[in-house]
Amino acid sequence: MASIGERLRKEGLVTEQDLENALKRQREKGGRLGQNLVALGIISEADLNRFLNRHPVAPTSLEDTGISVAFIADLIMKHIYSLGEFKLADVVDQLKLPVSLVHKIIEMLKKNRMIEITGGGTLSSISYNYKITELGKNRGSELMDLCRYMGPAPVSLEAYSRMVAFQTVKHVIVSEDTVMKAFSNLVLSESLLKRLGPAISSGKAIFVYGPSGNGKTAIAETIGALLPETVYIPYAITVGGQVILMFDPVTHIPADTEADITDIDQRWIKIKRPVVMTGGELTLKMLDLDFNPISKFYEASLQMKANNGLFIADDFGRQLVEPQALLNRWIVPLDRQVDFMTLHTGMKFEIPFDMLIIFSTNLEPKSLGDEAFLRRIRYKINIELPTEEVYETIFKKVCEKNAIPFDKKIFEYLIQNYYRKYQVGLNGCHPRDIIDHIIDSAHYHMHAPILTQEGIDAAWRNYFVDML
């Protein structure tokens, strides 16, 4: 994947000497390459932002689509086979290609007697009514037997790879203020925040480990929420004549497109940077293309869906597959930022591997992977058990969130009569769970939840096993 400097140089926006000067300043002042180019006056911030935030431009010719005329014609035939009777606008809406291009294919299909005009206006073919012929029905049925994909026209693998490179998560700028604000709802030490900031900004893999219940998953989710900007993904891509469905409404959250941009290729959809989270259900198969033998097209792998965003492997080490096997699957992608997929035809192809990966586990990292793998994970961050002072801060925040007055005496009763007496380790999730028990009891007995010794006693008995 070409660096931002290489891409800027290739497009004539900077020179080799400009890059050398910016890199020299970067070594002295820090920051991103783009920030240093702006600081030196080599490129304006507006021009840099336009360069980094490109949108896919609508094709003006059939060649510009990146896919063959035959492929587009077959896809249109399947849509027509489903519609029966239609207007040009109906096909345009489903294919998401410009009217002029779809019209050319429609004219070709009419010439080949696959469709016929049944009526409509005389001024423009846009208003014509069409219907599929018997010959067209036979052709449509044959095509449906080969592949039942009937979504928007796909984009080429090359176009997809180029867009991923432009939108790379490696160029995301995360400021210290942004990090502090994003994590303000969590109680984290200043030293931990200072480690998290550079890790997020680097775009490199992160190993978050420590005892369960202390915020590892919450930290990972917060990182996903603070990733700035939006990206474009195609509804589908085509490789070797096969279709791979990319857009997943469960994973991908659509974002508003700027109203003043009128030349966007509608085969792409603008989304928030994706966040893919997996837990114990993760298997090696989920990291490969999923071919449906009935519909006869593919669904993208998890890492393809996460490109330009965040991939969280939660509860790592507790998957159905052995951790070492899973880690071996990631070694090459982590090193080279590319992955390889295989079609059922045997064809192998390269895809971009561009995401911030977070491995979250309550197991020791050394028990999960060897040195070769751990070396490829740039940051290892240990989330330790809270001190009594931090635990009290968490307890106060939970009380405040639930509109329960904090009582210092009751809190000291909890610490003295339970944690110290039974030598139970303080845990970041305990305040939330203890307060939840108090709220449940208050709702049942129809009174406002408050902190009392009786409430603490009942919550402890219900929450812990063999602690009394």
>> Can you go through Ile357, Ile394, Ile351 and tell me which one is surrounded by 16 or more Cβ atoms within 10 Å (Cβ to Cβ) and either assigned by TED's automatic domain parsing to the domain that holds Lys408 or without any contact (Cβ under 8 Å) to a residue 12 or more places away in the chain (or both)?
In response: Ile394
> So Lys216 fits all but one of (1) touching a Phe, Trp or Tyr at 6+ places or on another chain (Cβ under 9 Å); (2) of a type outside the set (Ser, Thr, Tyr); (3) surrounded by fewer than 17 Cβ atoms within 10 Å (Cβ to Cβ); what number is the exception?
Replying inline: (3)
>> Here are the criteria: (1) surrounded by 14 or more Cβ atoms within 10 Å (Cβ to Cβ); (2) part of a strand (DSSP E or B). Tell me which single one Arg195 does not satisfy.
In response: (2)
> So is Gly428 modelled with pLDDT of 90 or more and either under 16 Å from Gly213 (Cβ atoms) or β-branched (Val, Ile, Thr) (or both) or not?
Replying inline: yes
>> Is it the case, given these coordinates, that Thr217 is under 25 Å from Gln337 (Cα atoms) and either part of a helix (DSSP H, G or I) or in the same structural domain as Phe395 (by TED's automatic domain parsing) (or both)?
In response: yes
> Quick one: in the stretch 145-162, which of the residues that are in a helix (DSSP H, G or I) and charged (D, E, K, R) is nearest to Gln94 (Cα to Cα)?
Replying inline: Asp145
>> Anything in the stretch 122-144 that is touching a residue at least 24 places away in the same chain (Cβ under 8 Å), in a helix (DSSP H, G or I) and over 22 Å from Arg267 (Cα atoms)? List them, or say none.
In response: Ser125, Ser127, Gly136, Lys137, Arg139, Gly140, Ser141
> Inside the stretch 399-425, can you point out the residues that are among the acidic types (Asp, Glu), farther than 22 Å from Gly215 by Cα and free of Cβ contacts under 8 Å to residues at least 24 places away in the same chain?
Replying inline: Glu412
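Residues checked against (1) of a type outside the set (Asp, Glu); (2) in a loop (DSSP other than H, G, I, E, B); (3) surrounded by 14 or more Cβ atoms within 10 Å (Cβ to Cβ); (4) without any contact (Cβ under 8 Å) to a residue 12 or more places away in the chain:
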position: Val231; (1), (2), (3), (4): yes, no, yes, no
position: Val243; (1), (2), (3), (4): yes, no, yes, no
position: Pro249; (1), (2), (3), (4): yes, yes, no, yes
position: Glu258; (1), (2), (3), (4): no, yes, no, yes
position: Glu281; (1), (2), (3), (4): no, yes, no, no
> Scanning the stretch 283-320 for residues that are of a type in the set (A, V, I, L, M) and farther than 28 Å from Val155 by Cβ, which turns out surrounded by the fewest Cβ atoms within 10 Å (Cβ to Cβ)?
Replying inline: Leu320
> Just checking, how many residues over the stretch 252-284 are of a type in the set (Val, Ile, Thr) and touching a Lys or Arg at 6+ places or on another chain (Cβ under 6 Å)?
Replying inline: 3
> What number of residues within the stretch 444-461 are of a type in the set (Ser, Thr, Tyr) and part of a helix (DSSP H, G or I)?
Replying inline: 1
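Yes or no, residue by residue, for (1) closer than 26 Å to Leu157 by Cα; (2) over 33 Å from the mean Cα position of the chain (by Cα); (3) not assigned by TED's automatic domain parsing to the domain that holds Tyr235:
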site	(1), (2), (3)
Ser44	no, no, yes
Val57	yes, no, yes
Leu75	yes, no, yes
His79	yes, no, yes
Leu88	no, yes, yes
Val92	yes, no, yes
Val99	yes, no, yes
Arg113	no, yes, yes
> What number of residues in the stretch 145-168 are buried (at least 21 other Cβ atoms within 10 Å of the Cβ) and either over 30 Å from Lys270 (Cα atoms) or among the β-branched types (Val, Ile, Thr) (or both)?
Replying inline: 3
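The values are calculated or read from the model by the stated rules, or taken from the named source; none is laboratory data. Please read all numbers here as calculations on a predicted model, not as lab measurements. Methodologically, a virtual Cβ is constructed for each residue, glycine included, from the backbone with ideal geometry; neighbour enumeration extends over all protein chains shown.
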